[in-house]
1. Take the alpha-carbon centre of segment C:50-79, take the same for segment B:521-546, and report the distance between them in whole Å.
2. In deg cm²/dmol and to the nearest 500, what is the mean residue ellipticity at 222 nm of the protein assembly as shown if only DSSP H runs of at least 4 residues count, each as -39500 (n - 2.57), divided by the residue total?
3. Between residue C:69 and residue B:567, how many nm apart are label points set 7 Å from Cα along the C-beta direction?
4. Suppose R0 equals 56 Å; then what is the FRET efficiency for residue B:383 and residue B:55 from their Cβ-Cβ distance, rounded to the nearest 0.05?
5. I want to verify a result. In a Gaussian network model of chain A, Cα cutoff 10 Å, which of these has the top mean-square fluctuation: A:42, A:23, A:167?
6. At q = 0.17, 0.22, 0.25 Å⁻¹, what log₁₀ I(q)/I(0) does a Debye calculation on the Cα points of segment B:357-455 give, no solvent, two decimals?
7. Rounded if a/c is under 1.5, else prolate if a/b is larger than b/c, else oblate: which is segment A:3-224, with a ≥ b ≥ c the root eigenvalues of its Cα gyration tensor?
8. What's the center-to-center distance, using Cα atoms, between segment A:159-215 and segment B:706-736 in Å?
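Bear in mind that the values in this text are calculations on the coordinates, not laboratory data. Since we're looking at a predicted model, the values are computed, not measured. Here the Cβ positions follow ideal geometry from the backbone for every residue, glycine too, while neighbour counts run over all protein chains shown.
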């Protein structure tokens, strides 16, 4: 069993969705990690779930990065641990500087909740190995600040290093180059706006999220051998 | 002269109400006490014009654990679980400051639910606006939707459904009715009845400022030309704080030390404290110096009636207050002991060591006079109800007429609205917005719950009794279409000024209609809210008794949706058209008329129809089910087709005019799609239930094709239908 | 407990911090406001940028360089250097 730590910040609201996705569909250990936690050693993967940490006040993700657990997550990331930030988690990872760029208000200035089609840009071991390049998958989005921005220089680097994993098939929120998911240069930190944890159960009409979680599990299992 | 200046009149109390207060107190009230009475005896808190009518509604049933009277109603849904549900209006605040008005409306109803011990799991919103052709209406519309969106999304409670209608009467009196439901372990249910002499009273959450002072009395007055100036200070919502409050309160309940809890809504500390005391037959001593304030120099009057949001009042077991405070602190919340329970049923309020008010809790919370008024039907009613169909020219182009109904804002897709609401968070939303009813599962359990809100207020305008009946049966029918048994109703009764005999008559007839429909279908009304004085100088709104209904689906795997599934499936119409065009969307769109006799529901037949559809779903005999409502049969069929991205060909045999056959809104009808092999069994089941069934055609092709008596009347490509349906609302906003 | 902010006391200073999106970054809020102003007839409005205005009330001790502190806070917390610029002024009472 692999252990997934799900960081609970004041205002997180997808923490339980991540928990059930890991426990019930990936069938691995899921544990909530209170934001004041200092020791994150025991987890194989750390997740920052979606929500409105600290009310999204000031900027989405801006205040969460000062939480002890999030500070410790940075240290774990530097050691090479797998980190997954979804939605607000992605925003926090960019605020932390673990991922480049920033997530701005959607182009239409509104919250958008719907299923979107995503194009797989890159197959990489920890996160997308169960997918093929060019494959289309569908995942739900639910955000007001998902408009990815990075300077031209950063974009060039992202492309050169093949850090872009998923792009929106059509312009959903104004994201530059349709970017929906990226990884860090080292490849162990994933940030994505779509919600794979909301797409793991066939009763809800979509299981494409399991491609992501399944890839993570494959990687951990292989690495553990 | 003296009367004009009397303080009770300024505060909205009548002379006779003031005399009642003196009689109850045995003396004249001081200004603080008078302020408390003025908010507690307002229509908003005391229901003084509606209580006698509300008593008519059935509130008992096998599932009912708590009817009206608590923060929210409670239904037993089996397996040790309770469903807690309530709807509430926030019309007047939303008319003045739409964004905050709508947001705090959501916040308030959510607090009612977790005050009962339940985790809030769904929100629905029933909204009414003027036609989308003025800047002001567009502004109200966009801001109200944004307010709901920002608040509901932040707290992580999915908004899974609702309804939105547009009509002239709501131009300056928009309606914002928010419904919240939650799930609780029966053993963890909380009460609003204070008990335990000496137990401490804690105020938890936000600080108290001058927000919305007088909001309850404000909500009980008509909005005039200068409504913006009447509101002293708008309540501002903090959804982040609310989210913390939800988690902290639910954690505090786990300790078992919380004796009673109530949220602070209208009339703030005054109402929550006095209602808790009155319902628990105890008294309370409260020290206002302990209330965390955010404004300088607040008077006792202001502190007592402030409507600052995101606050709760908790009665905790004596000696355990520190444990509860510790939990609040963990969530970054303040909790202060501001008083304790006494045994003499008096509310005693202190500030700076002096008693500033001393009032019997019962008198304050439950002592307001009740008014039974005389109602009279409007003089022009008979004339309004005349609709001479033969005098109306048939449309030259039926395709165009059909598309104009499909793209009418009242019929068109509301995706522009619900895409701004997070409806997938919590990963329990099985049937999403845009269908007949939303279906929400409960993780780890077999059963699921379904929700809908319904009210066609044009029907209610043309016939309040039949219109209200239609609202109940449609709500129940919507639940039955997904397979769920309707088990409880929460109603939000929105009307004009009850002192107007016509409005009072509308109210009375609506309540009677709800009563009769509920009794026939066996659905209790477990909670609700009344919003009166919804009128401006242009007159009252249409009577708008919004029905929120919850249903129980025993086995979540046996649910049904409204969309056609497979090419070749047979389309079956259950029920009978009675050619009822009064108040229909078609008559409005095609002829610009709001006239006629609205559809009359046959309650016995309705019950059978719904039972029949639920049985068909349970037996796995049908692939889709969708009820016929606004826009009639043509729109119903088109919605099934668009939902499944499948065309169809239907043949209607009728002696009626073509437009009547297509667009009549007769009740107790639905469209099913059925596999050819199952048709025999489905028709057999319908006849067992004595429901007329007609095979209309089959799912095929990529167009919506409707023939009448063998002649093709409508033939529109599916794509064209979807363009009109999906864009209709946006076109309307942009004046297209 | 009341919060006793004593305005005008001699040992206080206020920092007004202005955070705006960097010049070359599309500001959809600004665009929306501009369009609304044009609709209302204010055709001479050429551009609108929406930002944040944050007021800090600070203890004004001689040992702290207020300028440096506000600069640091603005850079570290109040703005996101990837997309935002900031400026500030300090008003001593």
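1. Cα centroid of segment C:50-79 versus Cα centroid of segment B:521-546: 51 Å apart.
2. Values: 36 runs with 346 residues, N = 1054.
Theoretical 222 nm ellipticity from helices: -9500 deg cm²/dmol.
3. For the pair residue C:69/residue B:567, the computed spacing is 7.4 nm.
4. Working: r = 33 Å, r/R0 = 0.60.
According to the calculation, E is roughly 0.95.
5. Maximum fluctuation in the GNM of chain A, among the listed residues, is at A:42.
6. Evaluating at q = 0.17, 0.22, 0.25 Å⁻¹ gives log10 I(q)/I(0) of -0.93, -1.18, -1.37.
7. Working: a/c = 1.24, a/b = 1.09, b/c = 1.14.
Here segment A:3-224 falls in the rounded category.
8. The two parts, judged by their Cα centres, are 36 Å apart.
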